[in-house]
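Written out below as structure tokens is the structure these notes cover.
Every read-out reported here was derived from the displayed coordinates using simple, explicitly stated rules and does not represent laboratory data. Note that the structure is a prediction, hence the values are computed from the model and not measured. When we count neighbours, we look across all protein chains shown, and the Cβ atoms used for this are built from the backbone with ideal geometry, even at glycine.
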């Protein structure tokens, strides 16, 4: 079993938001087709592709559906096969570092200095820590061969 192809859409303009989302989705599918995927994962991916191919309109509706299906496929392959796109853990670490590390550090600064305006001082610290931890996890995923050669931009 192999991954189905996306329908070509000549109605998409060049360098539009819709065409960029569609091209990114095509890159993801081409990268996944290079891997040896189990049949149940392939059938789920093909179902998502069929949903996109059945959409006859373009514009923001198509973009929204492509991103929704892309996210669904990425969650599936991460959960089932532990495959992640480039910079996945770094992006997750940015948000986690800012909220779980940066805000508490900012609160400590604010309380220590007696002015809660220093709350934002911890955010860049948490951002740096989370980014470093995530980059390390990305490197490990690359070394283990679990990283897809595509970077997802949301």
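Just name the residue that is nearest to residue 51 (Cα to Cα) out of those in segment 2-19 that are in a helix (DSSP H, G or I) and touching a helix residue (DSSP H, G or I) at 6+ places or on another chain (Cβ under 9 Å). Once the filter is applied, the top-ranked residue is 18.
With respect to (1) assigned to a loop (DSSP other than H, G, I, E, B); (2) in contact with a helix residue (DSSP H, G or I) (Cβ under 6 Å, 6 or more places away or on another chain), the lone exception for residue 48 is condition (1).
Scanning for something touching a residue at least 24 places away in the same chain (Cβ under 8 Å) and surrounded by 13 or more Cβ atoms within 10 Å (Cβ to Cβ), does segment 104-112 turn up at least one residue? No - not one qualifying residue is present in segment 104-112. Taking residues in segment 57-73 that are touching a residue at least 12 places away in the same chain (Cβ under 8 Å) and on the phi > 0 side of the Ramachandran plot, and partners anywhere that are in a helix (DSSP H, G or I) and surrounded by 15 or more Cβ atoms within 10 Å (Cβ to Cβ), the pairs with Cβ atoms closer than 8 Å and at least 6 places apart or on different chains are 59/18.
Within the option set 67, 75, being surrounded by fewer than 15 Cβ atoms within 10 Å (Cβ to Cβ) and part of a helix (DSSP H, G or I) holds for one residue only, 75. I'd like to know if segment 86-104 contains one or more residues that are more than 20 Å from residue 152 (Cα to Cα), touching a helix residue (DSSP H, G or I) at 6+ places or on another chain (Cβ under 9 Å) and outside any helix (DSSP H, G or I). Checking segment 86-104: not a single residue is more than 20 Å from residue 152 (Cα to Cα), touching a helix residue (DSSP H, G or I) at 6+ places or on another chain (Cβ under 9 Å) and outside any helix (DSSP H, G or I).
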